[in-house]
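I have placed the structure first, in the form of structure tokens, so that the comments after it can refer back to it.
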Amino acid sequence: MEKIVSLCKRRGFIFQSSGIYGGINGCWDFGPLGVELKRNLKDDWWYVFVQQREDIVGLDASIIMHPDVWVASGHVAEFHDMLVDCKECKHRFREDHLEGDRCPDCGGELTEPKAFNSMLKTRLGVSDESAVDTYLRPETCQAIFVDFKEVYSSSRTKVPFGIAQIGKSFRNEVNPRNFIFRSREFEQMEIEFFCKAEEEEAWFDRWQRDIWQWYLDLGLTEGKLRWYEHPKESLSHYSKRTVDVEYDFPFGWGELQGLANRGTYDLTQHTNHSGKDLKFFDQEAHESYIPTVIEPSAGADRTCLAVLCDAYCEEEVPTAKEGETETRIVMKFSPRLAPIKAAVLPLVKKDGLAEIGQELERKLRKKFNTFYDQSGAIGRRYRRMDEVGTPYCICLDYETKENETVTIRDRDTMEQIRIKMDEVADYIGQRCSHERD
Ligand code: ATP
């Protein structure tokens, strides 16, 4: 894990928020490469689960909502972590994260658990008298329930259908830890899928299959993924059944995504609290009902972390000197997720190769994210690109001027092929998109 954290900082994937002020616990900044990786991940999710599906539409709702939303949803009363304090070292822990009944840091005696609401409070309004307390949302899905009627009546969708949203969520986590795995500000990718009660099991199964497949398509190692079924007695207040997809991180198994059957809980609560009818009217059957909800809820940051951990490889490779090897650090991102898709590297700057290279890079940049580098030994330039997971390196050499060809080096096999310069865009573009699926 330390190696991954250090690579993320060194190469501008992720660093601490407010670093020059000593940092702030539980908040992280995605740097130039990290933002590309995370954006590719979210775009992939949106492409697969929204744009490619006829039965799902999108939403981008406000982060701050009416305070009554959180009363209706049950968060004001129920969104608690049970906390215990160590009587000796005063460290604070979530009771459900402890393995024994003593302090994991010093072995001291622990206090009785106390409830702590993990929503982040904020105040809205300009004067002290008129300002109201509300919360930064702890999950993105409540807006989907609150806007349910607006969405289905304006988009002519019919049950079964889903509403998807990607956005920031905030939780005042007691112990933010494990890098971006548990933070106080994070991004969720959620779908509320509305169906008839009698079809809930079939849809739950279908969603299990679909989300599992998505992780495989991202290139995660199947042996590092597993399902965890929540026992009935520890289900959240709204859930009839929850299963999590877990990933085997360097610090142990951790949840990437929850799949929950929320039943009719949320729409019923919002109907009761707002006084507005949130039933779905089925025009063909002439009946109104509150649909059942199946919810896949994934974390973009945790998925990013799993992708980073899964991609990290160290390999011993031969150097130019006979019999010597060196360690190659390579991030084996799936080409679709890689922050930079191709690097253009003229073997030498002279003989017009730099100019041809820059022109090629400008052309490719219109289609996907590229990088141009002409300085230093070619081997070192390849290594720099390996370390940030660039799947293709295009090298311009002495043959380029003779016959308008370049070599393309594959990051994982390190093999090179020679192709015509005007075929490069299609060759790389197809391999870095869903076009070849
Ligand atoms: P945990 O038990 O790990 O606290 P949770 O079960 O409370 O997580 P959910 O409420 O199911 O999490 O949230 C759905 C998804 O949102 C999680 O699977 C995870 O990917 C992401 N998520 C939740 N809390 C955090 C956090 N503090 N930091 C980063 N991602 C989070």
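The values are calculated or read from the model by the stated rules, or taken from the named source; none is laboratory data. Quantities reported herein were computed from a predicted structural model and do not represent experimental measurements. All Cβ positions, glycine included, derive from the backbone under ideal geometry; neighbour counts span all protein chains shown. Only protein heavy atoms, including side chains, enter the accessible area calculation; ligands, DNA and RNA are left aside. Shrake-Rupley method; radii C 1.70, N 1.55, O 1.52, S 1.80 Å.
Picking from residues in the stretch 358-374 that are farther than 13 Å from CYS395 by Cβ and free of Cβ contacts under 8 Å to residues at least 24 places away in the same chain, the one that is surrounded by the fewest Cβ atoms within 10 Å (Cβ to Cβ) is LYS366.
Just to be sure before I move on: is ASP301 part of a helix (DSSP H, G or I), more than 11 Å from the ligand (Cβ to nearest atom) and buried (at least 19 other Cβ atoms within 10 Å of the Cβ) in the structure I sent? Step through it out loud before you land on a result.
On the way: part of a helix (DSSP H, G or I): yes; more than 11 Å from the ligand (Cβ to nearest atom): no; buried (at least 19 other Cβ atoms within 10 Å of the Cβ): yes.
Judged against the criteria, ASP301 is not a match.
All conditions but one from (1) more than 24 Å from ARG226 (Cα to Cα); (2) of a type in the set (Ser, Thr, Tyr); (3) within 13 Å of the ligand (Cβ to nearest atom) apply to SER239; the one that does not is (1). Selection within the stretch 306-331: residues that are within 16 Å of the ligand (Cβ to nearest atom) and either out of contact with any strand residue (DSSP E or B) (no Cβ under 7 Å at 6 or more places or on another chain) or farther than 17 Å from ILE4 by Cα (or both). The member of this set that is most open to solvent (accessible area, probe 1.4 Å) is ASP310. All of GLY162, GLY107, GLY167 fail the test of being touching a residue at least 60 places away in the same chain (Cβ under 8 Å), under 30 Å from GLY23 (Cα atoms) and either aliphatic (A, V, I, L, M) or not in a helix (DSSP H, G or I) (or both), apart from GLY167. Within the stretch 255-276, residues that are farther than 15 Å from GLU139 by Cα and touching a residue at least 60 places away in the same chain (Cβ under 8 Å) have Cβ atoms under 9 Å from residues that are charged (D, E, K, R) and within 11 Å of the ligand (Cβ to nearest atom) in these pairs: ASN261/GLU295, counting only partners at least 6 apart in sequence or on another chain. Inspection of the stretch 280-303 finds a residue satisfying the criterion of being under 17 Å from ASP147 (Cβ atoms) and free of Cβ contacts under 8 Å to residues at least 60 places away in the same chain. For first residues located in the stretch 393-404 and among the hydroxyl-bearing types (Ser, Thr, Tyr), partners that are in a strand (DSSP E or B) and lie 6+ apart or on another chain with Cβ distances below 6 Å form the pairs THR400/VAL406. Suppose the filter is within 30 Å of the chain's Cα centre (by Cα) and either part of a loop (DSSP other than H, G, I, E, B) or free of Cβ contacts under 8 Å to residues at least 12 places away in the same chain (or both); does MET385 pass it? Here the answer is no, as MET385 does not meet what is asked.
Could you go through the stretch 221-237 and let me know if any residue there is in contact (Cβ under 8 Å) with a residue 60 or more places away in the chain, crowded, with 17+ Cβ neighbours inside 10 Å and not β-branched (Val, Ile, Thr). Looking for residues that are in contact (Cβ under 8 Å) with a residue 60 or more places away in the chain, crowded, with 17+ Cβ neighbours inside 10 Å and not β-branched (Val, Ile, Thr), one finds none in the stretch 221-237, hence no.
Within the stretch 176-208, take every residue that is of a type in the set (Phe, Trp, Tyr) and not in a helix (DSSP H, G or I) and give me the one that is nearest to the ligand (Cβ to nearest atom).
At the first step, the residues of the stretch 176-208 found to be of a type in the set (Phe, Trp, Tyr) are 179, 181, 186, 193-194, 203-204, 207.
This time we only want the ones that are not in a helix (DSSP H, G or I), so: 179, 181, 186, 193-194.
On the way: PHE179: 10, PHE181: 6, PHE186: 4, PHE193: 15, PHE194: 19 Å.
The selected residue is PHE186.
Among the residues making up the stretch 1-48, a single one is under 27 Å from ASN172 (Cβ atoms), in contact (Cβ under 8 Å) with a residue 12 or more places away in the chain, open to solvent by less than 60 Å² (accessible area, probe 1.4 Å) and polar (S, T, N, Q): SER17. Under the condition of being crowded, with 22+ Cβ neighbours inside 10 Å and not hydroxyl-bearing (Ser, Thr, Tyr), which residue from the stretch 281-298 is nearest to the ligand (Cβ to nearest atom)? Applying the filter and picking the extreme gives ALA298.
For the structure I just gave you, tell me whether VAL293 is among the hydrophobic types (A, V, I, L, M, F, W, C), at pLDDT 95 or above and within 30 Å of PRO339 (Cα to Cα). Spelling it out, it is not the case that VAL293 is among the hydrophobic types (A, V, I, L, M, F, W, C), at pLDDT 95 or above and within 30 Å of PRO339 (Cα to Cα). Residues that are modelled with pLDDT under 95 and within 16 Å of the ligand (Cβ to nearest atom) within the stretch 150-175 comprise ASN172, GLU173, VAL174, ASN175, listed in sequence order. Contact annotation: residue pairs with Cβ atoms under 8 Å, 6 or more positions apart or on different chains, pairing a residue in the stretch 346-357 that is assigned to a helix (DSSP H, G or I) with a partner that is at pLDDT 90 or above and surrounded by fewer than 15 Cβ atoms within 10 Å (Cβ to Cβ), are LEU353/LYS401; ILE356/LYS401.
Scanning the stretch 209-267 for residues that are in a loop (DSSP other than H, G, I, E, B) and either under 30 Å from TRP70 (Cα atoms) or among the β-branched types (Val, Ile, Thr) (or both) yields THR221, HIS230, PRO231, LEU235, SER236, HIS237, TYR238, SER239, LYS240, THR264.
Identify all residues within the stretch 112-145 that are without any contact (Cβ under 8 Å) to a residue 40 or more places away in the chain and either in a strand (DSSP E or B) or crowded, with 19+ Cβ neighbours inside 10 Å (or both); write none if there are none. Before the answer, list the steps.
Filtering the stretch 112-145 for residues without any contact (Cβ under 8 Å) to a residue 40 or more places away in the chain gives 112-115, 121, 123, 125-131.
Listed by number, the residues that qualify are LYS114, ALA115, LYS121, ARG123.
With a requirement of 1 or more residues that are in contact with a strand residue (DSSP E or B) (Cβ under 7 Å, 6 or more places away or on another chain), the helices (runs of 4 or more DSSP H) lying completely within the stretch 31-99 that satisfy it span 32-46, 67-72.
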